[in-house]
Amino acid sequence: MFMKDMIMMMLGYIVLILGVLIGVAFMILFERKLLGYIQIRKGPNKVGLIGILQSFSDAIKLFNKEQIFLLNSNYFSYYFSPVVSFVLSLMIWLLIPYYFNMISFNLGVLFFLCCTSLGVYTVMIAGWSSNSNYALLGSLRAIAQTISYEVSLALIMMSLILMVMSFNLINYMEYQNFIWFLFLMFPLSMCWLSSSFAETNRTPFDFAEGESELVSGFNIEYSSGGFALIFLAEYSSILFMSMLFVLLFLGGFDLTLNFYLKLSLLSFIFIWVRGTLPRYRYDKLMYLAWKSYLPVSLNFLLFFFGLKIFLY
């Protein structure tokens, strides 16, 4: 029986990962189409019906290209950091609180924080091992930015943990049956949303790949498969952060159409922001984390702590 359960669980994980990869492919297509319409032009519309197979043809092209190895690069870490980055971004998806066939993570929130913290190392190693000044500068920026915003993400999460008194993400649904946490802690949810932009290196916080001064940043020396894996990891984490926002603030996880519509709306906001907002200045980004989000999340944490003591 135990062996059968293990096989079923592994099959469940494989289906989940395949689903995430297909979701990422369509997310990339959705972004390219949407940015096209924002910029008053057509997006991809040639490959397949209305361009629906464009992402798949891009993936085939990238993985078939010849891998370039730099003469001065640190070969082993240069080669494996995109792979580790991609594996980490898929590992976080094990947190989805399915009702069947999956492990219920009692310490899911801690697992999320561990995986996102480890993601910083892959960016750092990718930039450093390329042995290029642009790549190193891009990775340093990304590290400073991600670490700064992880502090605010952790503090916002602590407020939620104090309210629910559980690390298990499935419990967040039960507490939002009557009112969503979005209405209870609106400023915190907005801080979380913009922190997740910074966490996933998206506009207006995409300093790791500032085209105007760093020529694509930490992934400048990557091409073919390595670049594709970095790209997939980024979009996988965008989808995951969208799902996590829905879990924490928009009513939790349920297997209805509403959940997937909310998830799509959040993914749309990521793209919408990219199409409309200009890039922030780097010092202002750091000030925003340490002088705005940190005090706000700390104050809310103390407020919820007091509320919890008062109610008990």
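When LEU307, LEU255, LEU250 are checked against the criterion of being of a type in the set (A, V, I, L, M) and without any contact (Cβ under 8 Å) to a residue 24 or more places away in the chain, a single residue qualifies: LEU307.
Selection over region 48-101 of residues that are in a helix (DSSP H, G or I), over 24 Å from the mean Cα position of the chain (by Cα) and surrounded by fewer than 14 Cβ atoms within 10 Å (Cβ to Cβ) gives a count of 5.
Helices (runs of 4 or more DSSP H) fully within region 162-215 that include at least 2 residues being charged (D, E, K, R) and modelled with pLDDT under 85: 211-214. When you look at GLY119, is it at positive phi and either crowded, with 16+ Cβ neighbours inside 10 Å or without any contact (Cβ under 8 Å) to a residue 24 or more places away in the chain (or both), yes or no? It is false that GLY119 is at positive phi and either crowded, with 16+ Cβ neighbours inside 10 Å or without any contact (Cβ under 8 Å) to a residue 24 or more places away in the chain (or both).
Every residue, every condition in (1) over 21 Å from ILE22 (Cα atoms); (2) out of contact with any Cys (no Cβ under 6 Å at 6 or more places or on another chain); (3) of a type in the set (A, V, I, L, M), yes or no:
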site	(1), (2), (3)
SER224	no, yes, no
SER236	no, yes, no
LEU239	no, yes, yes
LEU261	no, yes, yes
SER264	no, yes, no
TYR282	yes, yes, no
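Across region 30-40, a minimum of one residue is classified as surrounded by fewer than 17 Cβ atoms within 10 Å (Cβ to Cβ), of a type outside the set (Gly, Ala, Ser) and in a loop (DSSP other than H, G, I, E, B). The one condition from (1) of a type in the set (Ser, Thr, Tyr); (2) surrounded by fewer than 19 Cβ atoms within 10 Å (Cβ to Cβ); (3) in contact with a helix residue (DSSP H, G or I) (Cβ under 7 Å, 6 or more places away or on another chain) that SER104 does not meet is (3). Just checking, does region 154-175 include any residue being touching an Asp or Glu at 6+ places or on another chain (Cβ under 9 Å) and within 22 Å of TRP290 (Cβ to Cβ)? No - not one qualifying residue is present in region 154-175. Considering only region 124-155, state which residues are surrounded by fewer than 23 Cβ atoms within 10 Å (Cβ to Cβ) and hydrophobic (A, V, I, L, M, F, W, C). MET124, ILE125, TRP128, LEU136, LEU137, LEU140, ILE143, ALA144, ILE147, VAL151, ALA154, LEU155 - these are the residues of region 124-155 that are surrounded by fewer than 23 Cβ atoms within 10 Å (Cβ to Cβ) and hydrophobic (A, V, I, L, M, F, W, C).
Whenever a residue of region 70-98 is more than 24 Å from ILE238 (Cα to Cα), its partners that are surrounded by fewer than 17 Cβ atoms within 10 Å (Cβ to Cβ) and at pLDDT below 85, lying with C-beta atoms within less than 8 angstrom and at least six residues away or across chains, give the pairs LEU70/ASN131; ASN72/ASN131; SER73/ASN131; ASN74/ASN131; TYR75/PHE69.
Look at region 272-283: where a residue is within 20 Å of ILE238 (Cβ to Cβ) and touching a residue at least 60 places away in the same chain (Cβ under 8 Å), no partner that is acidic (Asp, Glu) and loosely packed, with under 14 Cβ neighbours inside 10 Å sits 6+ places away or on another chain with Cβ atoms under 8 Å. Does GLY225 fit the bill of being among the small types (Gly, Ala, Ser), in a helix (DSSP H, G or I) and modelled with pLDDT under 85? Yes: the conditions hold for GLY225. Residue pairs whose Cβ atoms lie under 7 Å apart, separated by 6 or more positions or on different chains, with the first residue in region 177-200 and on the phi < 0 side of the Ramachandran plot and polar (S, T, N, Q) and the second crowded, with 18+ Cβ neighbours inside 10 Å and not in a helix (DSSP H, G or I), do not occur.
The values are calculated or read from the model by the stated rules, or taken from the named source; none is laboratory data. Quick caveat: nothing in here was measured; it's all calculated off a predicted structure. Note that each Cβ is placed from the backbone with ideal geometry, even for glycine, and that neighbours are counted across all protein chains shown.
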